[in-house]
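The values are calculated or read from the model by the stated rules, or taken from the named source; none is laboratory data. Bear in mind the structure is a predicted one, so any value in this text is a computation, not a measurement. A quick note on method: Cβ atoms are made from the backbone with ideal geometry, for glycine too, and the neighbour counts reach across all protein chains shown. Note: accessible area is taken over every heavy atom of the protein model, side chains too, but ligands, DNA and RNA are not part of it. Shrake-Rupley method; radii C 1.70, N 1.55, O 1.52, S 1.80 Å.
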Amino acid sequence: MKIGIIGAGNIGGNLTRRLTALGHEVSVANSRGPQTLTALAEETGAKPVTASEAAKGALVVVVTVPLKAVPDLPAGFLDGAAEGFAVIDTGNYYPQQRDGRIDAIEGGLPESRWTEQQIGHPVIKAFNGTYAQDILDRGRPQGTPDRQALPVAGDDPAAKRAVRDLIDELGFDTVDSGGLDESWRQQPGTPVYGNRGDVDAIVKALSEASPERTAEFSA
C-alpha cells in the first residue's frame, strides 16, 4: 500500500519505521524539507518528499504535525491521492505547551473536527493518545491476550475500516470510538489518553470521558 506521512517527529518517524518494515511503500515529509530526512530514509527505505508530494498515489495519508502547523500545510497537498483515500489525524491541542489559543477548540469544537475544516477533507482520529515508543515495542499478533487497543474516531465507515485494518496489521486492537464529533473522548486529559489497556479497558475509558477540558489542556 502507498502511504504518505506528513510529519517526521516521534509518531511520524515510528510509523514510518513500522510501516516500511511491513512492506508498505511510504513517502515521508516534514516542514524542513526532504534533505533533512536522509537518515530516516536510509534507515527505513521510505522516500523523503515535500509535504506537497507526500499524498501522491497514497491510499492512506497520515497528518502528524503540531496542531498550530496544520493551517500552514501546502494548499492542495492532498491532490493526487488515490481514490477513496483515508486521512489519519494524530494531532492534539496543547495550548499552553505549544499551540497557543485556538478559539474554536476552546469553544468546544473537537480538535480533529477543526483539523478536518483546515485541510478540507474528512479525517480519522487515531494514534493521538499513543506513546510513540509503543508503536515500535508493543505490537502483538491478533488474538494475543491483553493486546493493547487504540481508539479510532471518524465519520467515514470505509476510511475508518481501512485505518483499523492498518492498526491491526501494526499489532494493535482497535475500538470504534464513534463519529468525529465524539472524538473529544480521546483528547488529552481524558481517561483513554495514554491508556495502554485492552479493548475492554479502552471501552470503559471512553465511556468515562468528560467533554470539559482539564486545566492543563486548555488555554
What is the ratio of the Cα radius of gyration of the range 1-59 to 2.2 N^0.38 Å, with N the residue count, to two decimals? 0.94
What's the magnitude of the charge dipole for the range 4-154 around its Cα centre, counting Lys and Arg as +1 and Asp and Glu as -1 at the beta-carbon? Answer in Debye, nearest 20. 240
Around Pro191, under 15 Å between beta carbons, what's the net of Lys plus Arg minus Asp minus Glu among the other residues? -2
For the chain, compute the orientation-averaged projected area of the C-alpha convex hull (one quarter of its surface), in nm². 10.9
Relative contact order of the chain, defined on C-alpha pairs under 8 angstrom at six or more residues apart (%): 17
Accessible solvent surface per residue of the chain, calculated while the other protein chains remain in place, 1.4 angstrom probe, Å²: 44
Cβ-Cβ cut-off under 14 Å around Pro95, Lys and Arg +1, Asp and Glu -1: the net charge is -1
Sorted by chain and then number, the residues having a modelled amide H within less than 5 Å of the amide H of Leu150, at least 5 places away or on another chain, are Asp173, Thr174, Val175
Restricting attention to the alpha-carbon atoms of the range 91-207, what are Rg (one decimal) and Dmax (integer), both in Å? 14.1, 43
Considering only protein heavy atoms and a 1.4 Å probe, what is the carbon-and-sulfur percentage of the accessible area of the chain? 48
³J(HN,Hα) across the range 62-69 via Karplus (A = 6.51, B = -1.76, C = 1.60, θ = phi - 60°), whole Hz, x for Gly/Pro? 9, 9, 9, 10, x, 4, 5, 8
For the range 48-151, what log10 I(q)/I(0) values come out of the Debye formula at q = 0.14, 0.21, 0.22 1/Å, with one point per alpha carbon and no solvent? -0.65, -1.16, -1.21
Going through the range 150-219, which GluC sites (Glu not before Pro) have at most 11 other Cβ atoms within 10 Å and a DSSP loop state? Glu208, Glu212
With Cβ to Cβ distances under 15 Å as the rule, what net charge do the other residues near Arg32 carry (K, R +1; D, E -1)? -2
Considering only lysines 8 or more places apart in sequence, or on different chains, count the pairs in the chain whose C-alpha atoms sit under 28 Å apart. 17
Shape descriptors of the range 142-219 over alpha-carbon atoms, Rg and Dmax in angstrom, are 12.8, 42
J(HN,Hα) series, the range 139-147, from Karplus relation 6.51 cos²θ - 1.76 cosθ + 1.60, nearest Hz, glycine and proline x: x, 9, x, 4, x, 5, x, 6, 4
Separation between Cα centres of the range 1-66 and the range 129-201, rounded to whole Å: 21
Hull shadow area, averaged, the range 116-168 [alpha-carbon convex hull, nm²]: 4.4
